[in-house]
Amino acid sequence: MTLAYVFRWELVPESAGLLLHGLGVTLQLSALSFVLSLGLGLVVALCRIAPFRPLRALAYAYTQIFRALSLYVYVLFLYFGIAAVFGIDLGRFAAGVVALTLLNSAYMAEVYRAALGSVDHGQREAALALGLTHTRSFTSVILPQGIRVAVPGLVNQLVDIVKDSSIVAVIGVFDLMGATIQLVNTERAPFEFYTVTALTYVVLILLVSAAAALLERRLGRHLTGGSAGPGPLERMRRFRLRGEVPA
Amino acid sequence: MTSLLAYDFVWGPVLDRWDLFLLGAWLDVWVTAISFLLACAIGIGVALLRISGARVLRGFAFGYVQFLRGVPLLVFLYWVYFGIALVIGINFSPIQAGIVALTLTGSAYTAEIFRGGLQALDAGQAEASRSLGLGRIDTYRHVLLPQMFRIVVPPLGNTLIGLLKGATLLSIIAVHDMVQVANDLNINFFTPFEAFTAVALILIVLVAALSAGLSFLERVLRLP
């Protein structure tokens with residue numbers, strides 16, 4: 001079979017400048033959203049285990065609602081809906097960052113919660129027995145260990161952030177996908193440009209996944225449970241396999 | 001009463017068109033259902049290749065999963081609908097393109113889930129079944145696959161919910177789903193908040209219903 005289609009791959013290197021600019025925006029968008037949702041996710045996770053019922057309920061609703069929405073619906077809601085009601089023009093890039101952060105912080109909150117829950121009860125009991133207050137035993141004993149267990153799961157979340165970030169192109173952010181859409185419109189070579197962009201995302205995702213796997217192995221060296229039963233990482237993995245946190 | 005907000009809430013247009021929203025949501029639901037079933041069928045095949053004896057097949061399945069899990073759904077959707085369709089000369093309807101993109105993306109996830117499920121089974125199960133005289137195919141059909149399904153229900157449920165959320169993207173290539181209904185409404189009446197709130201609420205209800213159904217299924221399937 002002969003294809004009637006004439007490939008014009010030479011257009012891609014000619015447009016490398018725009019694509020690289022878009023890639024830069026994608027990286028900025030992802031990195032910023034990742035860092036912000038690391039912080040917000042921890043706050044939400046702490047609220048979920050706070051000794052104050054309304055706060056717990058609020059944090060629970062937060063994680064349930066944001067994990068039920070697709071980023072696309074949320075970006076539209078935020079960029080058009082909320083902006084119209086409050087009369088604020090967030091700007092495209094900022095709207096993208098806010099949407100990505102709010103959505104992913106809900107997933108990260110679940111990772112933190114699972115990790116904090118995986119810290120052995122004995123740690124807390126030992127800290128209390130040594131005379132530390134409840135607050136102090138949490139901040140100095142439980143939290144540092146929990147965060148350490150959470151690290152691979154949190155970095156894995158970056159995979160989703162990078163992939164999801166392509167969606168903000170629909171509100172006109174000039175990220176890698178936004179640049180590609182514009183190039184397709186002007187150059188009329190959809191197959192060539194979307195192929196290159198798809199492959200670029202695959203490479204990005206593979207790099208992030210490799211980093212997460214490396215971190216998991218390095219942390220795993222110190223966190224295996226030995227003969228005393230499953231270690232924190234293993235317990236965390238089982239929690240994920242139960243499907244409470246999408247892998 | 002003067003409102004603090006400069007925005008007048010007008011729920012009428014949304015409420016008048018509740019039937020359109022439901023029709024749009026129904027489209028998202030059945031597109032998701034078809035894609036999920038196809039993704040499961042392909043996923044089992046890819047999972048079996050992933051653990052097969054032939055190196056080439058394992059390599060192919062590994063590449064398939066890594067590649068498809070790396071492409072964002074939006075990029076894939078555009079690629080299928082505008083790019084691949086043009087090259088191979090097939091004119092996909094928007095819904096067909098959406099189903100292709102959702103199915104292939106989903107199949108990479110289901111393949112990993114099925115592989116995990118098969119590998120989680122004790123090796124003794126296959127050995128016992130073979131030593132009882134069952135053939136390879138019967139071993140899979142009567143011993144391994146039934147046990148695997150119990151393990152894979154929760155993660156498959158997550159994939160199903162992920163596909164439903166992914167289906168909302170289809171309005172970008174002009175599929176008339178619930179997001180498209182909201183877009184139209186927004187253009188005609190300029191009620192973005194009301195329109196997208198309706199879509200968000202429908203999505204939340206659908207996901208909550210799915211989650212509830214899945215935890216029920218999990219309870220039913222749990223071993224006594």
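The values are calculated or read from the model by the stated rules, or taken from the named source; none is laboratory data. No experiment lies behind these values; they were computed from the predicted model shown. No Cβ is skipped: glycine too gets one built from the backbone with ideal geometry, and neighbour counts run over all protein chains shown. These accessible areas exclude ligands, DNA and RNA; they are computed on the full protein's heavy atoms, side chains included. Shrake-Rupley method; radii C 1.70, N 1.55, O 1.52, S 1.80 Å.
For region B:155-165, a tally of residues being within 15 Å of B:Cys40 (Cβ to Cβ), at the interface with another protein chain (Cβ under 10 Å from one of its Cβ atoms) and open to solvent by 10 Å² or more (accessible area, probe 1.4 Å) returns 6. So which residues in region B:173-210 are touching a Gly at 6+ places or on another chain (Cβ under 8 Å), more than 8 Å from every other protein chain (Cβ to nearest Cβ) and open to solvent by 30 Å² or more (accessible area, probe 1.4 Å)? Within region B:173-210, B:His176, B:Gln180, B:Leu210 qualify. Counting only helices (runs of 4 or more DSSP H) wholly contained in region B:38-135, no element carries 3 or more residues that are among the acidic types (Asp, Glu).
Within region B:35-62, the set of residues being open to solvent by 70 Å² or more (accessible area, probe 1.4 Å), over 19 Å from B:Ile137 (Cβ atoms) and not aromatic (Phe, Trp, Tyr) comprises B:Leu37, B:Leu38, B:Arg55, B:Val56, B:Arg58. Whether a residue is among the hydrophobic types (A, V, I, L, M, F, W, C) and surrounded by 19 or more Cβ atoms within 10 Å (Cβ to Cβ) was assessed, and B:Leu104 passes this test. If you check A:Tyr107 against the conditions, is it among the hydroxyl-bearing types (Ser, Thr, Tyr) and within 28 Å of A:Leu214 (Cα to Cα)? Taking the combined requirement at face value, the residue satisfies it.
Of all residues in region A:39-74, those that are buried (at least 20 other Cβ atoms within 10 Å of the Cβ) and of a type in the set (A, V, I, L, M) total 8. Annotation: of all residues in region A:3-35 being open to solvent by 80 Å² or more (accessible area, probe 1.4 Å), among the aliphatic types (A, V, I, L, M) and in a helix (DSSP H, G or I), the one that is farthest from the other protein chains (Cβ to nearest Cβ) is A:Val35.
Of the residues making up region A:159-201, those that are assigned to a helix (DSSP H, G or I), without any contact (Cβ under 8 Å) to a residue 40 or more places away in the chain and either within 27 Å of A:Val98 (Cβ to Cβ) or of a type outside the set (A, V, I, L, M) (or both) are A:Ala169, A:Ile181, A:Asn185, A:Thr186, A:Pro190, A:Tyr194, A:Thr195, A:Ala198, A:Tyr201. You will find that of A:Leu154, A:Leu76, A:Leu116, the residue that is part of a helix (DSSP H, G or I), over 29 Å from B:Leu163 (Cα atoms) and at pLDDT 90 or above is A:Leu116 and no other.
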